[in-house]
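Asker: Would you mind keeping the following structure in view while I ask a few things?
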Amino acid sequence: MISYENIIKNINILLADDDEDYLLITYSFLKQKGFNVDKVTNGKDALNYLLTGKYQIALLDYFMPELNGQEVTEKIRECNKELIIILQTGFSGQNPPVETLKKLDIQNYYDKTEGIDKLNLQLISAVRVFKQQLEINLARYRKNTIANLMESIAQKIKSNLLTIGAGVEITNLMVQRSSGEISKAEIEKINEYYNINKTSLEKIDKVLTSIIMQSQEANNSILKDNDIIDIINMIISDYMKKRDIKFITKRSLKTDSYFNGIINDIIFIVCEILRNIADESDVLDEISFILTEDEKFWYFDIESNNINKINKIEYNLISNIITSIEGNKILNENNKIRILVNK
């Protein structure tokens, strides 16, 4: 799903060091490798930058003014467990004690006297760790979605059983009255029960088919736009009802559209965003999901007044997964999250 080269384009690195020469040389090296880089010269600024949740990798000098690398690490770990931290020192004689390194929750340690090639190797390792984090988080979104789906299906099966029970009673009535005529009202009632069950079972079948295809190694699902609306409704509607939140779905497409490839992953991510917003919403708040398109993209729009309440680190994880899939983008503006899916 995710290529190494495409991941690098979406990785933000914070470089924190009070040695200005080293800062400039390393900054240029990282930019040349294709990373997005910001640089600071003290620990206080480093912590403030990292608290935004924007960064995936931090290169922290151990000895910095105001806050040293250890202090920054300890503070950022209180709210961000997934940031990849590489601790740096300028002289082998100033290396932090081994016991300190063991206690710190860091991914690696770099002695700047070992040269830039050693740093490059550590960055390659960090990118691989980040790729694994993306895959783990996507698996978590799948798990959350499937859990909501199973609960929703169980509720619908329970509801359908009641309908089937009523249908059995009507069938029994028909048998009892087989020698006579069945009224028009009774026939209409039978048709109503039949259509309700038929529609519910068709929707459940769509969702189960999507989940089964997602579990297969070749993720080549093909879904119609109405199927996507039905699937998201089935997965999310009960979650919204429990919180007394109004959930609206709309589509505005030129013609019937068919989606393929990674569409299941997009559905899982959309559902994760909707759950995050719902968790931050109040009773009677409104959340909308709107499906639109142009010549180049399908647009999966999520609208809510509570979008800015989403945890920044969680949102950035979601954003990283979306943008790591070739050709896709995510925008957050004016109470709307827009996912652009490449056609």
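The values are calculated or read from the model by the stated rules, or taken from the named source; none is laboratory data. Since this is a predicted model, take the numbers as computed values, not measurements. All Cβ positions, glycine included, derive from the backbone under ideal geometry; neighbour counts span all protein chains shown.
Asker: Being modelled with pLDDT of 90 or more, surrounded by 18 or more Cβ atoms within 10 Å (Cβ to Cβ) and not assigned by TED's automatic domain parsing to the domain that holds residue 55, is that true of even one residue in the stretch 314-321?
Answerer: no
Asker: Can I ask one more? Could you grab the pairs with beta carbons closer than 9 Å, sequence gap of 6+ or different chains, first residue in the stretch 315-342 and farther than 21 Å from residue 279 by Cβ, second one hydroxyl-bearing (Ser, Thr, Tyr) and assigned to a helix (DSSP H, G or I)?
Answerer: From residues that are farther than 21 Å from residue 279 by Cβ, the pairs are 329/323.
Asker: Next question, about the same structure. Just checking, which of 292, 323 is of a type in the set (Ser, Thr, Tyr) and more than 16 Å from residue 229 (Cα to Cα)? Lay out the reasoning, then the answer.
Answerer: Details: 292 fails: more than 16 Å from residue 229 (Cα to Cα).
Sole residue among the options that is of a type in the set (Ser, Thr, Tyr) and more than 16 Å from residue 229 (Cα to Cα): 323.
Asker: Same structure again: Could you please give the count of residues in the stretch 273-307 that are within 20 Å of residue 144 (Cα to Cα) and in contact with a Lys or Arg (Cβ under 6 Å, 6 or more places away or on another chain)?
Answerer: 2
Asker: If residue 139 satisfies all but one of (1) modelled with pLDDT of 85 or more; (2) exposed (fewer than 15 other Cβ atoms within 10 Å of the Cβ); (3) under 23 Å from the mean Cα position of the chain (by Cα), what's the number of the condition it fails?
Answerer: (1)
Asker: Kindly list the number of the only condition in (1) part of a helix (DSSP H, G or I); (2) at pLDDT below 70; (3) over 30 Å from residue 78 (Cβ atoms) that fails for residue 99.
Answerer: (3)
Asker: In addition: Show the residue pairs meeting these rules: Cβ distance below 8 Å; 6+ apart or different chains; first residue within the stretch 287-299 and among the small types (Gly, Ala, Ser); second residue in a strand (DSSP E or B).
Answerer: Listed by first residue and then by second, the contacts come to 288/247; 288/248; 288/249; 288/250; 288/301; 288/302; 288/303.
Asker: Another question, if that's okay. Pick from the stretch 1-29 the residues that are in contact with a Leu (Cβ under 7 Å, 6 or more places away or on another chain) and modelled with pLDDT of 90 or more: which of them is nearest to residue 265 (Cα to Cα)? Show your work before the answer.
Answerer: Of the residues in the stretch 1-29, the ones in contact with a Leu (Cβ under 7 Å, 6 or more places away or on another chain) are 2, 13-17, 23, 26-27.
From what's left, modelled with pLDDT of 90 or more: 13-17, 23, 26-27.
Values: 13: 26, 14: 29, 15: 32, 16: 35, 17: 39, 23: 39, 26: 36, 27: 34 Å.
That would be 13.
Asker: Also: Enumerate the pairs (first residue in the stretch 68-91 and over 20 Å from residue 126 (Cβ atoms); second residue anywhere and among the hydrophobic types (A, V, I, L, M, F, W, C)) with beta-carbon separation below 7 Å, excluding pairs fewer than 6 apart on the same chain, so at least 6 apart or on different chains.
Answerer: Note: pairs meeting the criteria are 75/47.
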